[in-house]
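**Q** Following this message is one structure expressed as structure tokens.
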Amino acid sequence: MVNLPGLAGAPPAGRCLVMGVVNVTPDSFSDGGQWFGAAAAIEHGLELVAQGADIVDVGGESTRPGAQRVPADEELRRVRPVITELVRAGAVVSIDTMRAQVAEWALEAGVSLVNDVSGGLADPYMPRLVAKAGTPYVVMHWRGHSHDMQTRAIYADVVREVHDELAQRVEAVIAEGVEPSRIVLDPGLGFSKNPAASGPEAHNWQLLASLGELSSIGGRDFPVLVGASRKRYLSKLFDDEGASRPFLENDAATAAITALSAAAGAWCVRVHQVPANADAVRVAAAYRSAQRS
């Protein structure tokens, strides 16, 4: 396990980190099937590192809206060879899973972070496992599994409610023994959030504009992971007479979100396409440095 900059007493990163996505799935929303085979996924992960990814996030279960869960043994079958080879090659790897069984294997294989989109709600054993391993833990805002999560996108005040629900999860995982210095928050863009581009239902945009407020819980500022890449609310900005913009055409918009998030102090951004986002975090770092001076 590698000590990640900015977490648990490690030195500051100096800039927002870039997490590259490797979906070892046939049905992920933006690149389903492209890296489903182990060989292709390994090659892609190494390519992301060469392009500037600080972390490679490997997942074997799609969490796109409407997705059905796969059995744990199938999730493990997908990620095992990929994580094994990427760790062997020296990559810093995170495991994207809601299952303690999968996370336990991945931690033994050498991953450096557990990225749990359910924030410990899908598997009550996950926080205990993370606490025992002493690994950084991404706690995402989550209201339910993919098959019905969009029916739960109902808020009177999305920023306040997401903040308060994250605070409840932080309190719960700390009670299970997770060190506060190892917790990373994720506002869960696209998960039980309305994809509207404007107005009171523009949940994702309101959350992006409030990262500082979301990160402050119990008198402590937690590091924040932003997962905006290629999501549907970006397509909504560019919809033309009802025709939805393809996800793969949202990479430039994603880089813009990365620059804004990094300038606002995000710890890491999770992206599908690395080079433009690696540039964006460095631009943001220079901008923040000039602000301080």
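**Q** Of all residues in region 161-189, which are under 12 Å from H203 (Cβ atoms) and either in contact (Cβ under 8 Å) with a residue 60 or more places away in the chain or part of a helix (DSSP H, G or I) (or both)?
**A** Passing the criteria: E161, V162, G188.
**Q** Is there any pair with a first residue in region 104-123 that is at positive phi and a second that is acidic (D, E) and outside any loop (DSSP other than H, G, I, E, B) whose Cβ atoms are under 9 Å apart and which are 6 or more apart or on different chains, and what are they?
**A** G119/E165; G119/D186
**Q** A follow-up question, please. Taking T97 as meeting all but one of (1) closer than 29 Å to P180 by Cα; (2) of a type outside the set (D, E); (3) open to solvent by 40 Å² or more (accessible area, probe 1.4 Å); (4) modelled with pLDDT of 95 or more, write down the number of the exception.
**A** For T97, the exception is condition (3).
**Q** Same structure again: Would you be able to tell me the number of residues in region 196-233 that are farther than 30 Å from G9 by Cβ, out of contact with any Lys or Arg (no Cβ under 8 Å at 6 or more places or on another chain) and open to solvent by less than 50 Å² (accessible area, probe 1.4 Å)?
**A** Selection size over region 196-233: 4.
**Q** Would you confirm whether or not region 121-129 contains a residue that is part of a helix (DSSP H, G or I), of a type in the set (F, W, Y) and more than 21 Å from Q273 (Cα to Cα)? Write out each step before concluding.
**A** Within region 121-129, the first condition is being part of a helix (DSSP H, G or I), and the residues that meet it are 126-129.
Filter once more, keeping what is of a type in the set (F, W, Y): none.
So far as region 121-129 goes, no, none of its residues is part of a helix (DSSP H, G or I), of a type in the set (F, W, Y) and more than 21 Å from Q273 (Cα to Cα).
**Q** Hey, among the residues in region 238-256 that are open to solvent by 30 Å² or more (accessible area, probe 1.4 Å), in contact with a helix residue (DSSP H, G or I) (Cβ under 7 Å, 6 or more places away or on another chain) and not small (G, A, S), which one's nearest to V18 (Cα to Cα)?
**A** Selected residue: D251.
**Q** Return the residues of region 12-44 that are more than 22 Å from P246 (Cα to Cα), modelled with pLDDT under 90 and out of contact with any strand residue (DSSP E or B) (no Cβ under 9 Å at 6 or more places or on another chain); say none if nothing qualifies.
**A** Once the filter is applied, which keeps residues that are more than 22 Å from P246 (Cα to Cα), modelled with pLDDT under 90 and out of contact with any strand residue (DSSP E or B) (no Cβ under 9 Å at 6 or more places or on another chain), region 12-44 yields P12, G37.
**Q** Please find, among R152, R143, R182, R169, the residue that is open to solvent by 30 Å² or more (accessible area, probe 1.4 Å) and closer than 16 Å to N3 by Cα. Step through it out loud before you land on a result.
**A** Values: R152 fails: closer than 16 Å to N3 by Cα; R143 fails: closer than 16 Å to N3 by Cα; R169 fails: closer than 16 Å to N3 by Cα.
Among R152, R143, R182, R169, only R182 is open to solvent by 30 Å² or more (accessible area, probe 1.4 Å) and closer than 16 Å to N3 by Cα.
**Q** Please go through region 46-82 and pick out each residue that is closer than 18 Å to E108 by Cβ and either out of contact with any Asp or Glu (no Cβ under 8 Å at 6 or more places or on another chain) or part of a helix (DSSP H, G or I) (or both).
**A** Answer for region 46-82, where residues must be closer than 18 Å to E108 by Cβ and either out of contact with any Asp or Glu (no Cβ under 8 Å at 6 or more places or on another chain) or part of a helix (DSSP H, G or I) (or both): V56, A72, D73, E75, L76, R77, R78, V79, R80, P81, V82.
**Q** When you scan region 100-117, how many residues do you find that are assigned to a helix (DSSP H, G or I) and open to solvent by less than 40 Å² (accessible area, probe 1.4 Å)?
**A** Summing the residues that are assigned to a helix (DSSP H, G or I) and open to solvent by less than 40 Å² (accessible area, probe 1.4 Å) in region 100-117 gives 6.
**Q** Determine whether A72 is over 19 Å from the mean Cα position of the chain (by Cα), open to solvent by less than 40 Å² (accessible area, probe 1.4 Å) and among the small types (G, A, S). Before you say what the answer is, go through the steps one by one.
**A** On the way: over 19 Å from the mean Cα position of the chain (by Cα): yes; open to solvent by less than 40 Å² (accessible area, probe 1.4 Å): yes; among the small types (G, A, S): yes.
For A72, the condition - over 19 Å from the mean Cα position of the chain (by Cα), open to solvent by less than 40 Å² (accessible area, probe 1.4 Å) and among the small types (G, A, S) - is met.
**Q** So, one more: What residue, among those in region 135-160 that are touching a residue at least 60 places away in the same chain (Cβ under 8 Å) and in a loop (DSSP other than H, G, I, E, B), is farthest from V93 (Cα to Cα)?
**A** H147
The values are calculated or read from the model by the stated rules, or taken from the named source; none is laboratory data. Every value quoted in this text rests on a predicted model; they were computed, and no experiment measured them. Note that we place each Cβ from the backbone using ideal geometry, even for glycine, and neighbour counts take in every protein chain shown. Ligands, DNA and RNA are stripped out before the accessible areas are found, and what is left, the full protein with its side chains, is counted by its heavy atoms. Shrake-Rupley method; radii C 1.70, N 1.55, O 1.52, S 1.80 Å.
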